[in-house]
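> Got a structure for you, questions after.
The values are calculated or read from the model by the stated rules, or taken from the named source; none is laboratory data. Quick caveat: nothing in here was measured; it's all calculated off a predicted structure. Cβ: placed from backbone, ideal geometry, glycine included. Neighbour counts: every protein chain shown.
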Amino acid sequence: MKVILLNGSPRKGWNTDILLHKAAEGAESVGAETEIINLYELNFKGCRSCMACNMDGKSWGHCAWNDDLKEVLDKIDRADGLILGSPIYFGDVAAEMRAFLERFLFQYTNFDNGHSERRNHLKAGFIYTMNAPSGYMNDLYKKYEQFLQPHAEYAGTVECSETLQVEDYSKYHLGFFDGVQRHQRRETVFPEDCKKAFELGEKVAG
Amino acid sequence: MKKIVILNGSNSPKANTAAMVQAFTEGAEAAGNEVNEFMVAHMNIHGCLGCMKCAAKAKDDPHICVQPDDMEKIYPAVMDADVIVFVSPMYWWGISGQLKLAVDRLQAIVGHAGLEHLGRKSTVLLMTFKGGGMQAVLSWYAIFRQIIGCRDLGAVIGFEKQKIAQAKQLGASIN
């Protein structure tokens, strides 16, 4: 049992990263082997619409682009579980997660009949972190759940809202946000989110 | 006369999206506007690092963003523009990853010059697509405007021939 966790946040040791580590702990607690991959450390771009994955031949069904994402896509192909974690930037997942999703999803989608063969061995889950209040991005979670469904058994979504953006708000032009409230949430709500991430890890690996 | 910046996230400079942009540009220029297009998919643009240095009060770096890449060409144009046009083919009910790289990096203008700087501008969305995702992408566009506070001048989304004419009309309506 191998679970791959993709970190779509550039900030190591912060909200998304912490939650992914909790999810990894959850997966390990039920015996899975885990690997966390930081997308922002890799050199790759989004789908270029080259259509090689739709061309008859050996590249059919696989992204043919040979950059740092190739190894990641290969690893997911062999994995049993996939947990994606991303902050929401300007209303959608961070750019590197967007780029990953385009390449991951397009290669598996069969446009001969419009139906893709479901990868029944793969379970997937998504962890979102954001400034927005809870529920604000509900449509987005549904969208990506719908996209992942044909390729994996969807195990669940973890939403972590109104996150702590920086440790010391007095040093930043972030007057719009209430630093005191964010610190309170960090103490009271974030541990709950960590628990949910741990449980998602258990579920994906279970 | 308005200054218009186009952030084009299409990979192909000759495909469907290009025809829509060309029509929009023709309309906008005929109405006396100045149009500046960036093909962001072919530029060296890295993802936002979320480092928040753009928003730090004790800022010792005069640059808008700490990352030295092609966004240095885009930032002054966007800062100076009245209208920002987002252009992309529809990928998975959203804008392309390449355009999202540039959109995420606009955070540095917010950090550097304040939300109200971008909020004074207007936006346009041009997208080519055939299939689903219209509602999802309009929802993204609405959320973006809600966060920034900028004004919508219109969106043209589709692939039919009349969409090209609509893009031209939209360009011509800006003055």
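> Here is a check on your reading of the model: is residue A:59 more than 14 Å from chain B (Cβ to nearest Cβ), surrounded by fewer than 15 Cβ atoms within 10 Å (Cβ to Cβ) and small (Gly, Ala, Ser)?
Working: more than 14 Å from chain B (Cβ to nearest Cβ): yes; surrounded by fewer than 15 Cβ atoms within 10 Å (Cβ to Cβ): no; small (Gly, Ala, Ser): yes.
Here the answer is no, as residue A:59 does not meet what is asked.
> Within the range B:1-18, track down each residue that is farther than 19 Å from residue B:156 by Cα and either among the aliphatic types (A, V, I, L, M) or in contact with a Cys (Cβ under 6 Å, 6 or more places away or on another chain) (or both).
B:1
> I'd like to check which helices (runs of 4 or more DSSP H) are fully inside the range B:96-175 and have at least 2 residues that are among the polar types (S, T, N, Q) and within 12 Å of another protein chain (Cβ to nearest Cβ). Steps first, answer last, please.
On the way: elements: B:97-105, B:107-113, B:115-119, B:134-148, B:161-172.
Fully inside the range B:96-175 and qualifying: B:134-148.
> Name the residue that is farthest from residue A:87 (Cα to Cα), counting only residues in the range A:144-187 that are part of a helix (DSSP H, G or I) and of a type in the set (Asp, Glu). Show your work before the answer.
Step one: list which residues in the range A:144-187 are part of a helix (DSSP H, G or I), which gives A:144-148, A:169-171, A:179-187.
Cutting the leftovers down to of a type in the set (Asp, Glu) gives us A:145, A:187.
Values: A:145: 16, A:187: 19 Å.
Top of the filtered list is A:187.
> I would also like to ask the following. Restricted to the range B:36-69, and to residues that are of a type in the set (Val, Ile, Thr) and buried (at least 19 other Cβ atoms within 10 Å of the Cβ), which residue is nearest to the other protein chains (Cβ to nearest Cβ)?
Kept after step one, since they are of a type in the set (Val, Ile, Thr), are these residues of the range B:36-69: B:40, B:45, B:64, B:66.
Adding the requirement that they be buried (at least 19 other Cβ atoms within 10 Å of the Cβ) leaves B:40, B:45, B:64.
Numbers: B:40: 11, B:45: 9, B:64: 13 Å.
Filtering first and then ranking leaves B:45.
> Right, another one. What residue, among those in the range A:164-185 that are touching a helix residue (DSSP H, G or I) at 6+ places or on another chain (Cβ under 9 Å) and more than 11 Å from chain B (Cβ to nearest Cβ), is nearest to residue A:15 (Cα to Cα)?
Of everything passing the filter in the range A:164-185, A:164 is nearest to residue A:15 (Cα to Cα).
> Name the pairs: first residue in the range A:32-50 and within 8 Å of another protein chain (Cβ to nearest Cβ), second residue surrounded by fewer than 17 Cβ atoms within 10 Å (Cβ to Cβ) and of a type outside the set (Gly, Ala, Ser), Cβ to Cβ under 8 Å, at least 6 apart or on different chains?
Partner pairs satisfying both residue conditions: A:45/A:67.
> Would you confirm whether any residue within the range B:36-53 is at pLDDT below 95 and more than 30 Å from residue A:105 (Cβ to Cβ)?
yes
> Determine if the range B:152-170 includes at least one residue that is touching a residue at least 60 places away in the same chain (Cβ under 8 Å), surrounded by 20 or more Cβ atoms within 10 Å (Cβ to Cβ), within 25 Å of residue A:39 (Cα to Cα) and under 17 Å from the mean Cα position of the chain (by Cα).
no
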